[in-house]
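Below: the structure, in structure tokens.
Any read-out appearing in this document is the output of simple, stated calculations on the displayed coordinates, not a laboratory observation. Small disclaimer: the values here were computed from a predicted structure and weren't measured. Here Cβ is always computed from backbone atoms with ideal geometry, including for glycine, and neighbour counts include all displayed protein chains.
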Amino acid sequence: MPDTRTRNMEKRRERILEQARKMLAEGGFEALNLRDLADVSGVTVPTLYNLIGNKAEILRALVLGGFAEYEAEMEGMTPTTEELPALMVSTFTTLLHRDEDYYRATALANERVELESDDHRNYGYKRGPLRRYAKNLCQAALDEGLLRGEIDQELLIEQMIGTHQVAFRDWAHRVISLEELKQLSLSGFYITLAADAVDTFRHQLVKKLAAMR
């Protein structure tokens, strides 16, 4: 059981992240000033650095928190392999819908940090849990005989996540709506799977695509 000091540190860390979330939602990446963040969080700048880190680390913590929320939503669900793509995408977009301003600001800020940083740890939106679920999806489909196995799984995963990432970026930049993000991402999953699907599964995927029009 954590002691009082540890609990207090965690509370201060949560308070900082909540204030950072608000600053991002209201003003974007440029609004996330560390001195201002420390002031509104009731801590000193050195304390902020000790509890979380610099601007990039604060963003990293927010992104990982969003991933944890996504995984918590997916946990305990037992969809069939055929149902999994729609569940993955709808759960993702439902999470975004809860606070579009925040997730849009976080996505844009994360995009900037990834472009400017040489730190390629597994935390960016391009490398989030959706990729792991896509890998599980491909393996399950192969095990169940839904895929032929003629196309390398990694290529299928890259194509699915790449299509999703383009749609997600367009949503973050307000080019498309959240519903369009959902449709484009899901169609990308279906079309990619269809490229390696056995005939019966391919027919199912084609019907799902037709129903989305």
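Relative to one another, the C-alpha centroids of the stretch 151-213 and the stretch 23-47 are positioned 37 Å apart. For the chain, a crude dipole built from +1 on the beta carbon of Lys and Arg and -1 on the beta carbon of Asp and Glu, taken about the Cα centre, is about 420 debye to the nearest 20. Per residue, the chain reaches -24000 deg cm²/dmol at 222 nm when only DSSP H runs of four or more residues are counted, each adding -39500 (n - 2.57). Each Cα pair under 8 Å and six or more residues apart adds its separation to the average, and for the stretch 60-211 the resulting relative contact order is 25 percent.
Length available on full extension from GLU57 to GLU10: 0.36 nm per residue minus the Cα-Cα distance, which gives 15.3 nm.
With charges only on Cβ, +1 for K and R and -1 for D and E, what is the dipole size of the stretch 1-53 about its Cα centre, in debye, rounded to 20?
The dipole of the stretch 1-53 has a size of about 220 debye.
For the chain, the C-alpha radius of gyration divided by 2.2 N^0.38 Å, with N the number of residues, is 1.16.
Given a Förster distance of 45 angstrom, what is the FRET efficiency for ARG174 paired with GLU75, based on the Cβ-Cβ distance and rounded to 0.05? For R0 = 45 Å, the calculated efficiency reads 0.90.
For LYS135, the lysines whose Cα comes closer than 20 Å to its Cα, not counting residues fewer than 8 places off in the same chain, are LYS126, LYS182. Simple spin-label estimate for ALA31 and GLU150 gives 5.2 nm between the two label positions (7 Å along the Cα-to-Cβ direction from each Cα). Since only LEU51, VAL63, ILE191 are under comparison, the one whose Cα sits farthest along the positive direction of the charge dipole of the chain, derived from C-beta charges on Lys, Arg, Asp and Glu, is LEU51.
Listed by chain and number, the lysines whose C-alpha is less than 17 Å from the C-alpha of LYS55, apart from same-chain residues fewer than 8 away, are LYS22. Annotation: amide H-H contacts under 5 Å for LEU147 (H modelled 1.01 Å from N, sequence separation of 5 or more, or interchain): LEU142, VAL198.
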